[in-house]
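Inspection log for the structure reproduced underneath, given as structure tokens.
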């Protein structure tokens, strides 16, 4: 494995990260703690906290309080997942039942609100206005991205630029902020903080694009239903390429079914196969590579320490991800 | 009118407060602006922003940027109203249709998230960690209060202490923070900031208790359906007193109907009449008076300037409020 060092480091960092998440859960009102623990345990690879820790260490920050800062982006991420699951009326999340199917809608919404509030409080507790500004920017940008995505839902005329704007908000900005928080806490120069932010933002863009490509991979490989984005009315890059390649008659039929949310599982599977045959998913991965190249360039301006190599391996991981 | 000076000042402050709210709405993602404007226009007396402005001016702060800070608590309040309306599945709010009946659930939830994020960003923009801490504490406490309230819903064994804890969270903390933000921005001493916070917290407690008493006033006086709290399963002080006065047989019937959410409008109206006859609502207003006395005491330690008198009139207004 090319990213063996990264995996080893993740194994070392996971216990303090998970301990900080549990401390954060303890800080929530008792009734919503089970909801928070459920969404924390439902997984996630803890990439966001790991990025905060790696960025801070890369810039020479050695204190243990970094873990309490690192989990704030995971908490914000969890809050958005809780609200999203309710809004999408999703039945499962990462193979586990969606929170609101276990806990009902009200505690799920309120757990999201409480997580956001607690993350905000953790950041404010560091007493550094730059951290608070970074956090509030991340919440604003993420909310804006999700709103844009919902406006674009089931629309066939979403442009590539609009798609990028959605992804920058709903996914990339949190990853950007994860790196930026670590850099700011480490006392980075403005140039270093900007480089860390650029690395995170471009890594995040690539992460989502690879995700969008993987949506069309066979369920036997990913463990997730194929073509979920077709059924949810998300015109991601592989699907936009697919639609552009359709003859007029087929396109009219696609637009009608997509626009009305009438795509079945069978429709989605058939479209996924044609997307793979045409290589639209691979094309999207190549586009993601361009973002990863920008991310790696940003790293070059940061100190030559072991964490920099791990952050390069993170870019490889995002590129090579098969599920 | 005893509070004529307060009304005159409110008339002067409303335009810049509403202008700041409109600037804040402009800062939201375009799709949710109508939801935010709806909830802003649905009213509210702008007590929270007014308190921030009055507290800052009382402590000698003269700059116009206070309005952008002052509206953050109104935005947070609006965000909680949006989420609450969805959770309660309310059909109206302050006599206007509830936002989610006009805009659907998804934009309503996301407008709440976006308002919270934007308020957070406004506060962070001031670059003062004490303001950010105050803001994050307000969001945490408010979320905690709402969660407690939902846990207590339809329970007949909610104690007076638990009720106070709910009110402190769901209502008083935002009013407390409104005053505290104004004091902190004005460069208050720790003692002054604590006095401003104590004034706000106790004013907020009284405000909610008077509200709970008014819930049992005739609809012809308040314009709101009588006994809404009975039907929503909220054991507010007048209702707790009423229940304690019931003979065993009646109490068993009350507990069953209240606990299962089976109270009708007629039940609520009949209970309200008995509550008024027994004076339980007046008793609650007397308990609110005790909080107002504490609020006035806190004011005594602050400078003797015109705003202090206005803040006393605010306490009178809360006491005398008839709807």
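Alpha carbon centre of region B:240-317 versus region A:261-323: separation in Å? Answer, in whole Å: 59. As a rough footprinting exposure proxy, the listed residues A:104, B:164 were ranked by other beta carbons within 10 Å of their own, and the order from fewest upward is A:104, B:164. Relative contact order for region A:95-236: 22 percent, from Cα pairs under 8 Å spaced at least 6 residues apart, divided by residue count.
With respect to chain B, whose longest principal axis is taken over its alpha-carbon atoms, helix B:105-124 is tilted by about 40°. Between residue A:309 and residue B:309, the simple spin-label model (points 7 angstrom out along Cα→Cβ) gives 7.5 nm. The gain in end-to-end length when the residue A:256 to residue A:220 segment is fully stretched comes to 10.0 nm, 0.36 nm per residue minus the alpha carbon separation.
Calculated mean residue ellipticity at 222 nm for chain B: -24000 deg cm²/dmol, from DSSP H runs with n ≥ 4 weighted as -39500 (n - 2.57), summed, divided by the residue count and rounded to 500.
Overall form of region B:124-240: prolate. Here a/c, set by the Cα gyration tensor axes a ≥ b ≥ c, is 1.5 or more, and a/b is the larger of a/b and b/c. The angle between the Cα long axis of helix A:47-58 and the main principal axis of chain A comes to about 40°, on a 0 to 90 degree scale.
Using a Förster radius of 41 Å, what is the FRET efficiency between residue A:45 and residue A:161 based on their Cβ-Cβ separation? Nearest 0.05, please.
Calculated value: 0.90.
Ordering A:260, B:179, B:134 from the fewest to the most neighbouring beta carbons within 10 Å gives A:260, B:134, B:179.
Could you give me D for the protein assembly as shown, from Stokes-Einstein at 20 °C and 1.002 mPa s, where the hydrodynamic radius is the Kirkwood radius over C-alpha pairs? Units µm² s⁻¹, please.
81
Here the label points at residue A:269 and residue A:248, each 7 Å from Cα along the C-beta direction, are separated by 3.3 nm in the simple model. Taking all Cα pairs closer than 8 Å and separated by 6 or more residues, the relative contact order of chain B comes to 20 percent.
Arrange the following residues from fewest to most other Cβ atoms within 10 Å of their Cβ: B:190, B:85.
In order of increasing Cβ crowding within 10 Å: B:190, B:85.
Compute the helix-to-body angle for B:4-26: its Cα long axis versus the longest principal axis of chain B, expressed 0 to 90° and rounded to tens. The answer is roughly 80 degrees. Decide, for region A:111-160, between rounded, prolate and oblate: order the square roots of the alpha carbon gyration tensor eigenvalues as a ≥ b ≥ c, take rounded if a/c falls under 1.5, and otherwise choose prolate if a/b is larger than b/c, else oblate. Oblate shape, in that a/c is at least 1.5 and b/c is the bigger or equal ratio.
Sorted largest first, the spans of the alpha carbon positions of chain B along the three principal axes are 62, 46, 33 Å. Note on residue B:293 and residue A:64: the model spin-label points, each 7 Å out from Cα along the C-beta direction, lie 4.9 nm apart. For the pair residue B:7 and residue B:151, a Förster radius of 45 Å applied to the C-beta separation gives a FRET efficiency near 0.70, rounded to the nearest 0.05.
All of the numbers you see were taken from the coordinates with simple rules; none came from a lab. Here the structure is a predicted model, which is why all the values come from computation and not from measurement. Cβ sites come from the backbone with ideal geometry, for glycine too, and all protein chains shown count toward neighbours.
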